[in-house]
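Each remark here refers to the structure printed beneath this line.
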Amino acid sequence: MEGTVSHKKPNYAAIFWALFILTIFEIAIANMPFAKVAVVLLLVFLAIVKASLVALFYMHLKFEKFIIYVIVLFPLFLAVVLTVMVLNDRMPTLLT
Amino acid sequence: MAHNGHIGCLGIDTRKLGMWIFLASEIMFFTGLIGSYIVLRFANIHSWPVPSTVLNIPLTAVNTFILICSSATLVMGLASVQRGYREGLQVGLFLTVLLGSVFLSIQFHEYHELIHDGFTISSSIFGSCFFTLTGFHGAHVLAGVIWLTVVLIRSFLGYFSPEEYAGVEIVGLYWHFVDLVWIILFTILYLI
């Protein structure tokens with residue numbers, strides 16, 4: 001496709017199996033008798049890894065120009081900032 | 001791309017750039033919803049139910065696998081048309097439409113069961129969050145299935161080739177984004 005940097009095709013099957021196995025891990029971890037904080041952190045980490053795999057390889061973000069990263073990541077960053085700032089109200093509750 | 005008129009000053013196909021800008025607005029929409037969910041959940045941290053006591057996790061896990069499979073079939077279809085294998089594109093698109101429809105059917109069944117058990121959008125703050133987040137996501141899946149069906153029909157009419165496959169790539173961006181959002185929703189709504 002013109003306008004797209006020519007690149008080697010990702011191994012789509014490998015990405016699929018990675019997503020499949022990571023989802024099994026997620027379900028297993030959710031049912032493990034670990035501390036709640038550890039479970040939440042692990043699950044959030046795995047969800048971010050899976051979402052990144054989809055964005056980078058299935059959506060070909062890895063092979064896009066820098067401007068696409070700016071378009072996509074800037075609103076994401078602002079939304080995270082917004083959520084963290086509003087959560088300040090609950091921080092004393094969370095820390096006790 | 002066969003049409004040089006589609007390449008903008010940034011050196012990116014303008015149709016694809018338009019889709020990425022649309023997806024940026026979708027990112028703001030969904031992160032706004034998810035951010036609200038996180039704030040509301042922390043605000044009601046002691047009264048929030050354990051999701052597995054209310055929701056059918058095994059059924060939704062199956063649905064998650066279905067959506068992951070649908071992304072794989074679509075990307076395989078795209079790879080097929082890039083290699084000039086049109087039948088592969090048609091099979092990929094058909095399977096994606098089928099899997100998307102199965103996802104919606106299972107979600108409909110899930111809603112039916114939950115509402116039958118008294119868990120509705122107005123029964124609790126968790127219910128409001130759950131139905132708002134999954135409802136908007138489901139609406140996006142429905143839009144994606146309709147769009148993919150149109151692309152499937154166009155593929156049978158011979159619209160796509162190794163030189164011209166932007167229509168498949170752009171619907172793919174949308175569909176994978178919907179998959180990506182579900183990956184996040186499955187974790188924060190069902191597992192945590």
Query raised in the report: Which of (1) without any contact (Cβ under 8 Å) to a residue 40 or more places away in the chain; (2) among the hydrophobic types (A, V, I, L, M, F, W, C); (3) surrounded by 20 or more Cβ atoms within 10 Å (Cβ to Cβ); (4) farther than 24 Å from B:G18 by Cβ does B:F126 not meet, given it meets every other one?
Result: (1)
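Of the residues B:F22, B:F65, B:F94, only one is closer than 26 Å to A:V70 by Cβ and at pLDDT 95 or above; which? It would help to see each step written out before you state the result.
Details: B:F65 fails: closer than 26 Å to A:V70 by Cβ; B:F94 fails: closer than 26 Å to A:V70 by Cβ.
Only one candidate qualifies: B:F22.
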Report summary line: Only unsatisfied item for A:V37, checking (1) closer than 26 Å to B:V50 by Cβ; (2) part of a loop (DSSP other than H, G, I, E, B), is (2)
Report task. Sort through A:A13, A:A18, A:A30, A:A51 and tell me the only one that's at the interface with chain B (Cβ under 8 Å from one of its Cβ atoms), surrounded by fewer than 17 Cβ atoms within 10 Å (Cβ to Cβ), free of Cβ contacts under 8 Å to residues at least 60 places away in the same chain and aliphatic (A, V, I, L, M). Result -> A:A13
Report summary line: Checking B:Y85, B:Y165, B:Y190 in turn, the sole residue that is closer than 23 Å to B:A61 by Cα, among the aromatic types (F, W, Y) and within 14 Å of chain A (Cβ to nearest Cβ) turns out to be B:Y190
Query raised in the report: Are there any pairs with C-beta distances below 7 angstrom linking a residue in the stretch B:146-166 that is at pLDDT 95 or above and assigned to a loop (DSSP other than H, G, I, E, B) to a residue that is loosely packed, with under 13 Cβ neighbours inside 10 Å and not β-branched (V, I, T), with the two at least 6 apart or on different chains, and if so which?
Result: none
Requested in this report: Determine, yes or no, whether A:L53 is in contact with an Asp or Glu (Cβ under 6 Å, 6 or more places away or on another chain), assigned to a helix (DSSP H, G or I) and in the same structural domain as A:L19 (by TED's automatic domain parsing).
Outcome: no
Query raised in the report: Which of the residues spanning the stretch B:24-55 are closer than 19 Å to B:H140 by Cα, more than 7 Å from chain A (Cβ to nearest Cβ) and either part of a loop (DSSP other than H, G, I, E, B) or within 16 Å of the chain's Cα centre (by Cα) (or both)?
Result: B:S25, B:E26, B:F29, B:F30, B:L33, B:I34
Query - Only listed residue being in contact (Cβ under 8 Å) with a residue 24 or more places away in the chain and surrounded by 15 or more Cβ atoms within 10 Å (Cβ to Cβ), chosen from B:G84, B:G77 - result: B:G77
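Let's see how each residue does on (1) touching a helix residue (DSSP H, G or I) at 6+ places or on another chain (Cβ under 9 Å); (2) among the small types (G, A, S); (3) at pLDDT below 95:
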site	(1), (2), (3)
B:S47	yes, yes, yes
B:V50	no, no, yes
B:P58	yes, no, yes
B:A72	yes, yes, no
B:R83	no, no, yes
B:G100	yes, yes, no
B:S105	no, yes, no
Query raised in the report: Which residues, taken from the stretch B:168-187, are facing another protein chain (nearest Cβ under 7 Å) and farther than 30 Å from A:V37 by Cα?
Result: B:E169, B:L173
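The values are calculated or read from the model by the stated rules, or taken from the named source; none is laboratory data. The structure presented is a predicted model; accordingly, all values stated were derived computationally and were not measured. Ideal geometry is used to build each Cβ from the backbone, glycine not excepted, and the neighbour counts take in all protein chains shown.
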